[in-house]
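Each remark here refers to the structure printed beneath this line.
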Amino acid sequence: MVRLTDDDQFSTRCVHAGVEPEPIHGSVNPPVHLSTTFVQPDVAQPKTTDYTRGGNPTRDALEAAIADLEGGSHGFAFASGLSAMDAVLRLLESGDHVICADDAYGGTIRLLRQVASKSGIATTFVDTSDLDALDAAFTDATKWVILETPTNPLLRVSDIRAVAERTHAKGAKLLVDNTFMSPALQRPLDLGADVAFHSATKYIGGHSDVLAGLLAVKDDDLANDLRFIQMSVGAVLPPLDCFLLQRGIKTLQLRVDAQSAAAQTLAERLVERLGAENVYYPGLPSHAGHAIHAGQSRSGGGMLSFRTPDAVSARAVATKTRLWQLAESLGAVESLIQVPAAMTHASVPKEMRDAVGLTDGLIRLSVGIEDVDDLWRDLETALDAL
Ligand SMILES: *Cc1c(COP(=O)(O)O)cnc(C)c1O
């Protein structure tokens, strides 16, 4: 196996982190361990693991990889992003309080409002880019802050370092949903977060063929608590899916850098055509929070949104593209287009959508790795129809 040193750079780590070739044949890629149980040399003496819910060599490799790439000490792989979020929320007790970004992923908001609330966990939704609003939302019962930056779909930026400081001063912990950036562009643990969260369904998998959630943490006690929940609840990622994610990770930096460069070009062309006030992309100097984003991320990433006048216009554009496929999800090699108010964020109550500016005419793009000029021509043709 290739042993990584502290000097090895991110792209090197993507290829080798967590990968331990099996010792008998020396295969470069580790075998996929489908076995659910493992022979024990003596009573209650497992070699490395006894049962796949508690531990599996293929999952261990992936968990080691995400810990390494996020600069953490422990990684966790779950059956979906939301089951990973649920595992964190299971650290809470009835009466505890959570603060969450008010334009977080729709499924995260639904989990807090409609599931965690049933266990007596209250949530306050705030604009986390407004540090005074954040401060005002803390109560004596606040245990976690859930931050997304940039957010989905308005790409609103929060200052991870500042939020981490304020959260810790109140004795709470910070989870950063790093799905949109991936560790190739932004590493929340380095900036003070306690948990780096991923819907690995998106950039980490990168091919729209695995549903998965990953967590990375530094703290041993927090890791022990999460390991207990992962093993007790069992929403673990199956070995074949772990293998697919590990394969996706090898090209993570290549993909994300290409997607980010293309998104920057497309955002600039959209500004020329629609005006800066109608384009949301953290790599644009005109974007609110651009400077903060530049101080905590390597580039703007592969996601952008733009405003059309209304739902009818958004539908007209989103149904006329050829290369941009009309679909939910994001982060994969193929480019996708969608209308958040009617699709990914339809479960968010309309008054919450209106409050954050998520209007019916908003269109969100997930930029793939196709040729950027092909993508632009296709988008322009659809915009001409407006
Ligand atoms: C998709 C997504 C999730 C939920 O992850 P699943 O893998 O779909 O369960 C959470 N946060 C963000 C930002 C996402 O895009």
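The values are calculated or read from the model by the stated rules, or taken from the named source; none is laboratory data. In this text, all values refer to a predicted model and were calculated from it rather than measured experimentally. Here the Cβ positions follow ideal geometry from the backbone for every residue, glycine too, while neighbour counts run over all protein chains shown.
So is residue 351 more than 29 Å from residue 102 (Cβ to Cβ), in a helix (DSSP H, G or I) and either away from the ligand (no atom under 16 Å from the Cβ) or out of contact with any His (no Cβ under 9 Å at 6 or more places or on another chain) (or both) or not?
Here the answer is no, as residue 351 does not meet what is asked.
Among the residues of the range 314-334, which ones are more than 16 Å from the ligand (Cβ to nearest atom), farther than 15 Å from residue 384 by Cβ, part of a loop (DSSP other than H, G, I, E, B) and among the polar types (S, T, N, Q)?
none
Note down all Cβ pairs under 6 Å where the first residue falls in the range 191-208 and is on the phi > 0 side of the Ramachandran plot, the second is within 12 Å of the ligand (Cβ to nearest atom) and part of a loop (DSSP other than H, G, I, E, B), and they're at least six residues apart or on different chains.
Correct list of pairs: 206/332; 208/332.
Which one is surrounded by the most Cβ atoms within 10 Å (Cβ to Cβ), of the residues in the range 204-248 that are in contact with a strand residue (DSSP E or B) (Cβ under 8 Å, 6 or more places away or on another chain) and among the β-branched types (Val, Ile, Thr)?
It comes out as 204.
If the requirement is being at positive phi, surrounded by fewer than 19 Cβ atoms within 10 Å (Cβ to Cβ), away from the ligand (no atom under 16 Å from the Cβ) and not aromatic (Phe, Trp, Tyr), which of these qualifies: 357, 361? Even if it seems obvious, please write down each step before you answer.
Details: 361 fails: at positive phi.
Criteria check complete, one pass: 357.
Can you pull out every residue in the range 96-108 that is touching a Pro at 6+ places or on another chain (Cβ under 9 Å) and more than 9 Å from the ligand (Cβ to nearest atom)?
Correct list: 103 only.
Is it the case, given these coordinates, that residue 321 is among the hydroxyl-bearing types (Ser, Thr, Tyr) and touching a Lys or Arg at 6+ places or on another chain (Cβ under 9 Å)?
No: the conditions fail for residue 321.
Which of the residues spanning the range 57-86 are within 16 Å of the ligand (Cβ to nearest atom) and among the aliphatic types (A, V, I, L, M)?
Answer for the range 57-86, where residues must be within 16 Å of the ligand (Cβ to nearest atom) and among the aliphatic types (A, V, I, L, M): 62, 66, 77, 79, 82, 84, 85.
Has the range 31-47 got at least one residue that is surrounded by 14 or more Cβ atoms within 10 Å (Cβ to Cβ) and in contact (Cβ under 8 Å) with a residue 60 or more places away in the chain?
Checked the range 31-47: at least one residue is surrounded by 14 or more Cβ atoms within 10 Å (Cβ to Cβ) and in contact (Cβ under 8 Å) with a residue 60 or more places away in the chain.
When you scan the range 173-180, do you find a residue that is crowded, with 19+ Cβ neighbours inside 10 Å, part of a strand (DSSP E or B), without any contact (Cβ under 8 Å) to a residue 60 or more places away in the chain and more than 12 Å from the ligand (Cβ to nearest atom), even just one?
Filtering the range 173-180 down to residues crowded, with 19+ Cβ neighbours inside 10 Å leaves 173-180.
Those left that are additionally part of a strand (DSSP E or B): 173-177.
Keeping just the survivors that are without any contact (Cβ under 8 Å) to a residue 60 or more places away in the chain gives 173-174, 176.
The next check asks that each one be more than 12 Å from the ligand (Cβ to nearest atom); those that pass are 173-174.
Scanning the range 173-180, I find at least one residue that is crowded, with 19+ Cβ neighbours inside 10 Å, part of a strand (DSSP E or B), without any contact (Cβ under 8 Å) to a residue 60 or more places away in the chain and more than 12 Å from the ligand (Cβ to nearest atom), so the answer is yes.
If you scan the range 289-306, which residues turn out to be in contact with a Leu (Cβ under 9 Å, 6 or more places away or on another chain) and either in contact (Cβ under 8 Å) with a residue 60 or more places away in the chain or at positive phi (or both)?
Within the range 289-306, 289, 290, 293, 296, 297, 298, 299, 301, 302, 303, 304, 305 qualify.
Step by step: first the residues of the range 182-203, then only those that are part of a loop (DSSP other than H, G, I, E, B) and within 10 Å of the ligand (Cβ to nearest atom), then the one that is surrounded by the most Cβ atoms within 10 Å (Cβ to Cβ). Which residue is that?
Taking the range 182-203 first, the residues part of a loop (DSSP other than H, G, I, E, B) are 182-187, 192-194, 200-203.
Add one more test, that the residue is within 10 Å of the ligand (Cβ to nearest atom), and what stays is 200-203.
Details: 200: 32, 201: 24, 202: 21, 203: 29.
Here the answer is 200.
Hey, any hits in the range 160-170 for a residue that's buried (at least 24 other Cβ atoms within 10 Å of the Cβ), at pLDDT 95 or above, hydrophobic (A, V, I, L, M, F, W, C) and away from the ligand (no atom under 16 Å from the Cβ)?
Yes, that holds for at least one residue.
If you scan the range 225-241, which residues turn out to be touching a Phe, Trp or Tyr at 6+ places or on another chain (Cβ under 8 Å) and outside any helix (DSSP H, G or I)?
235, 236, 237
Which residue is farthest from the ligand (Cβ to nearest atom), if the candidates are limited to the range 204-236 and must be over 16 Å from residue 90 (Cα atoms) and small (Gly, Ala, Ser)?
Taking the candidates together, the pick is 216.
Among the listed residues 299, 347, identify the single one that is loosely packed, with under 14 Cβ neighbours inside 10 Å, closer than 23 Å to residue 104 by Cα and in contact with a helix residue (DSSP H, G or I) (Cβ under 6 Å, 6 or more places away or on another chain).
That would be 347, the only listed residue that is loosely packed, with under 14 Cβ neighbours inside 10 Å, closer than 23 Å to residue 104 by Cα and in contact with a helix residue (DSSP H, G or I) (Cβ under 6 Å, 6 or more places away or on another chain).
I'd like the full set of residues that are in a loop (DSSP other than H, G, I, E, B) and either under 19 Å from residue 302 (Cα atoms) or in contact with a Ser or Thr (Cβ under 6 Å, 6 or more places away or on another chain) (or both), limited to the range 335-344.
Within the range 335-344, 335, 339, 340, 344 qualify.
Name the one entry in 84, 65 that is buried (at least 22 other Cβ atoms within 10 Å of the Cβ), in contact with a Phe, Trp or Tyr (Cβ under 9 Å, 6 or more places away or on another chain) and part of a helix (DSSP H, G or I).
So the residue among 84, 65 that is buried (at least 22 other Cβ atoms within 10 Å of the Cβ), in contact with a Phe, Trp or Tyr (Cβ under 9 Å, 6 or more places away or on another chain) and part of a helix (DSSP H, G or I) is 84.
Which numbered condition trips up residue 272, out of (1) among the acidic types (Asp, Glu); (2) free of Cβ contacts under 8 Å to residues at least 12 places away in the same chain; (3) not in a helix (DSSP H, G or I)?
(3)
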